[in-house]
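K.L.:
One structure is given below, represented as structure tokens, and several questions about it will come after.
Only the coordinates and a few stated rules stand behind these numbers; no lab work does. These figures come from a predicted structure and were not determined experimentally. Here the Cβ is made from the backbone with ideal geometry for all residues, glycine too, and neighbour counts use every protein chain on show.
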Amino acid sequence: MKRDTQHASNHEMVFAALRSSNKPMTAYNLLGRLRPRGITAPTTVYRALERLIEAGRIHRLESLNAFVVCGHPHHDTIAMFSICSRCGGTEEIVEPKLQSGIAALAERSGFKLNHAVLEMHGRCKACAGAARQRN
Ligand SMILES: [Zn+2]
Ligand SMILES: [Zn+2]
């Protein structure tokens with residue numbers, strides 16, 4: 001373990017790569033991006049992603065099996081995203097009332113909620129507009 005400082009910054013490199021992308025990235029995308037920078041093992045990427053999720057700095061989008069940087073440092077268990085099926089653009093939505101409403105719903109039904117990522121699939125404003133113009 002001679003390269004402790006290098007090791008410590010792996011997750012920062014993964015975070016920076018994710019942040020530089022305007023679209024969700026898969027672990028495979030990230031590995032491709034970071035290989036020239038010395039990260040060659042998939043497990044390194046997965047470990048970094050896990051750590052970043054635990055720290056609440058990124059979210060995992062289950063349907064895409066991809067990851068995005070959290071755009072809002074202060075929210076608890078529930079994250080919401082709109083995902084454009086045409087351009088792949090993804091936006092994190094923060095609507096505290098709705099989010100705490102969902103948490104309350106879980107609590108009322110006795111469900112112990114760890115975390116939730118709500119995904120809305122459809123067309124972003126730009127893509128919806130482009131589709132209208134063509135017709
Ligand atoms: Zn978030
Ligand atoms: Zn779009």
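K.L.:
Output the relative contact order of the chain, whole-number percent, from Cα pairs under 8 angstrom with separation of 6+ residues.
P.N.:
21 percent
K.L.:
Which percent, nearest 5, of DSSP beta bridges in the chain are antiparallel?
P.N.:
If I count the DSSP bridges inside the chain, around 55 percent turn out antiparallel.
K.L.:
Could I have the simple spin-label model distance between LEU118 and ARG47, label points 7 Å from Cα toward Cβ, reported in nm to one decimal?
P.N.:
3.6 nm
K.L.:
How high is the relative contact order of the range 39-83? Use alpha-carbon pairs under 8 Å, at least six apart in sequence, and give a whole percent. Before the final figure, lay out each step's value.
P.N.:
On the way: 24 pairs, mean separation 10.0, N = 45.
Here the relative contact order equals 22 percent.
K.L.:
So, one more: Testing the spin-label approximation: label points 7 Å from Cα along Cα→Cβ at CYS127 and ALA55. State their distance in nm.
P.N.:
3.0 nm
K.L.:
Suppose every K and R has +1 on its Cβ and every D and E has -1 on its Cβ; what is the size of the dipole of the range 1-118 about the Cα centre, in Debye to the nearest 20? Display every interim value, and only then the final one.
P.N.:
Numbers: 15 positive and 10 negative charges, 95 e Å.
The calculation lands at about 460 debye.
K.L.:
Quick check: the angle from helix 10-19's long axis to the longest principal axis of the chain, C-alpha only, nearest 10 degrees?
P.N.:
40 degrees
K.L.:
Non-local amide H neighbours of ILE93 (under 5 Å, H modeled in plane, Pro and chain starts lacking H): which ones?
P.N.:
MET80, PHE81, SER82
K.L.:
Continuing with this model, one more query. Positive end of the dipole of the range 71-135, charges at C-beta (+1 Lys, Arg; -1 Asp, Glu), about the Cα centre: which of VAL117, ALA103, SER82 has its Cα farthest in that direction?
P.N.:
Among VAL117, ALA103, SER82, the one farthest towards the positive end of the dipole of the range 71-135 is SER82.
K.L.:
Find how many whole Å separate the alpha carbon centroid of the range 55-109 from the alpha carbon centroid of the range 13-31.
P.N.:
17 Å
K.L.:
While we're here: If you take the Cα Rg of the range 71-135 and divide it by 2.2 N^0.38 Å, with N the number of residues, what do you get?
P.N.:
Here the Cα radius of gyration is 1.41 times the empirical estimate.
K.L.:
On a full-extension model of 0.36 nm per residue, what is the gain between ASN22 and VAL94, subtracting their alpha-carbon distance, rounded to one decimal in nm?
P.N.:
Gain in length upon complete extension: 24.1 nm.
K.L.:
Just to check, using Stokes-Einstein with a Kirkwood Rh over alpha carbon pairs, what's the diffusion coefficient of the range 1-65 at 25 °C and 0.890 mPa s in µm²/s?
P.N.:
Answer, rounded: 204 µm²/s.
K.L.:
May I pose another question? What do the square roots of 5 times the Cα gyration tensor eigenvalues come to for the chain, in whole Å, largest first, as semi-axes of the equivalent ellipsoid?
P.N.:
Numbers: eigenvalues 169, 106, 23 Å².
Those come to 29, 23, 11 Å.
K.L.:
Residue separation times 0.36 nm, minus the C-alpha to C-alpha distance between CYS87 and ARG35: what's the value?
P.N.:
16.1 nm
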